[in-house]
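Asks: For reference, the structure I am asking about is given below.
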Amino acid sequence: MAAIRMIDIAVNFTDGMFKGIYNGKQCHVADIPTVLNRAWAAGVHRIIVTGGSLQESREALAIAETDGRLFCTVGVHPTRCKEFEESGDPEKHFQDLLSLAKEGIQKGKVVAVGECGLDYDRLHFCPAEIQKRYFEKQFELAYITKLPMFLHMRAAAADFCEIVEKNKDRFSGGVTHSFTGSMDDCIKLLSFDKMYIGINGCSMKTAENLDVVKGIPVERMMIETDSPYCEIKNTHAGIGFVKSTWPSKKKEKYDQECIVKGRNEPCSVRQVLEVVAGCKGINDVGNLSRTLYHNTCRMFFPHDLDSAADALLAGDNSS
């Protein structure tokens, strides 16, 4: 069996829960280093920290600079797109994002534009027209920086695909992360060249979800946790396929040897891998992890597709 190595493409390390803060209340110490150690021990080799606003993207870059295995995105989440106009100068806001992205690229840390896209489940945060305007604007960011895109699509497949279609020559590729759509949505996304689909716990809640995941070719898939959200729960359809578990305790009884109950962590990307393998009937989880790892490198770490990646693909796991 090949050794398991994974890249978690979506971790929200800027979230208060990783500072020990839940609903405004400090429950335990900030613990990113502890969380990272658990991830590395589980076979995670790299993590992409998500930026969802200008300020959050700055924080994501600062976090990424603390470890050689951390990288990040720069962009504005659909539910936060009002920030362009609330800044008083949308063009300056865009230029600030651009210069942050350029700074991060120079540091070897920023690997994608995002998280951006459309979210029609949460229009109370930001109306559709504003979401569409600034989703489209962020293709300009991708075009100038030559970065791939880290995308969000929730209950908005038609408009999302229309905007991607219109701008498909302006970006080098992307991943639609935390995918929870239908098989039809999936087919639409996969009709775009160089579009991958990101799978996490939220992608595998129901039997219908698992059927969709079954139909996604592994060559077009990446895995993620979207932690601290999207954990695989006992009520989820795929729970029977989970093999790796960690002891957990409530946040009030914090113990660094345990995961916090109800807070997802990057180590559990291993569970996502196990459920994908289980629902697809794949016995060689190591081999599956190698394919997903290679997909992710091809998109986000192209300079890395050197002899190491080729050796991995050839099945030389002597390293």
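Asks: With in contact with a helix residue (DSSP H, G or I) (Cβ under 8 Å, 6 or more places away or on another chain) and either exposed (fewer than 15 other Cβ atoms within 10 Å of the Cβ) or more than 25 Å from Pro217 (Cβ to Cβ) (or both) as the only criterion, which of Lys166, Lys188 stands out?
Replies: Matching residue, one of Lys166, Lys188: Lys166.
Asks: Same structure, new question: Determine whether Phe160 is within 19 Å of the chain's Cα centre (by Cα), aromatic (Phe, Trp, Tyr) and farther than 26 Å from Ile4 by Cβ.
Replies: yes
Asks: For residues that are within 25 Å of Ser227 (Cβ to Cβ), at pLDDT 85 or above and not hydrophobic (A, V, I, L, M, F, W, C), tally how many sit in region 288-319.
Replies: The qualifying residues number 8.
Asks: Give the residues of region 111-129 that are open to solvent by 10 Å² or more (accessible area, probe 1.4 Å), in contact with an Asp or Glu (Cβ under 9 Å, 6 or more places away or on another chain) and not in a loop (DSSP other than H, G, I, E, B), sorted by residue number.
Replies: If the condition is that a residue be open to solvent by 10 Å² or more (accessible area, probe 1.4 Å), in contact with an Asp or Glu (Cβ under 9 Å, 6 or more places away or on another chain) and not in a loop (DSSP other than H, G, I, E, B), then Tyr120, Ala128 are the ones that fit.
Every residue, every condition in (1) closer than 24 Å to Lys168 by Cα; (2) of a type outside the set (Gly, Ala, Ser); (3) touching a Lys or Arg at 6+ places or on another chain (Cβ under 8 Å), yes or no:
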position: Leu70; (1), (2), (3): no, yes, yes
position: Gly75; (1), (2), (3): yes, no, no
position: Lys82; (1), (2), (3): no, yes, no
position: Lys102; (1), (2), (3): yes, yes, no
position: Cys126; (1), (2), (3): no, yes, yes
position: Met149; (1), (2), (3): yes, yes, no
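Asks: In region 10-51, what residues are in a loop (DSSP other than H, G, I, E, B), among the β-branched types (Val, Ile, Thr) and within 18 Å of Tyr254 (Cα to Cα)?
Replies: Within region 10-51, just Val29 meets the criteria.
Asks: Now a separate question. All but one of (1) open to solvent by less than 40 Å² (accessible area, probe 1.4 Å); (2) of a type in the set (D, E, K, R); (3) out of contact with any Asp or Glu (no Cβ under 7 Å at 6 or more places or on another chain) hold for Glu224; which doesn't?
Replies: Of (1) open to solvent by less than 40 Å² (accessible area, probe 1.4 Å); (2) of a type in the set (D, E, K, R); (3) out of contact with any Asp or Glu (no Cβ under 7 Å at 6 or more places or on another chain), only one is false for Glu224: (3).
The values are calculated or read from the model by the stated rules, or taken from the named source; none is laboratory data. Remember, it's a predicted structure, so these values are computed and weren't measured experimentally. Note that we place each Cβ from the backbone using ideal geometry, even for glycine, and neighbour counts take in every protein chain shown. We work out accessible area using only protein heavy atoms, side chains counted, and drop any ligands, DNA or RNA first. Shrake-Rupley method; radii C 1.70, N 1.55, O 1.52, S 1.80 Å.
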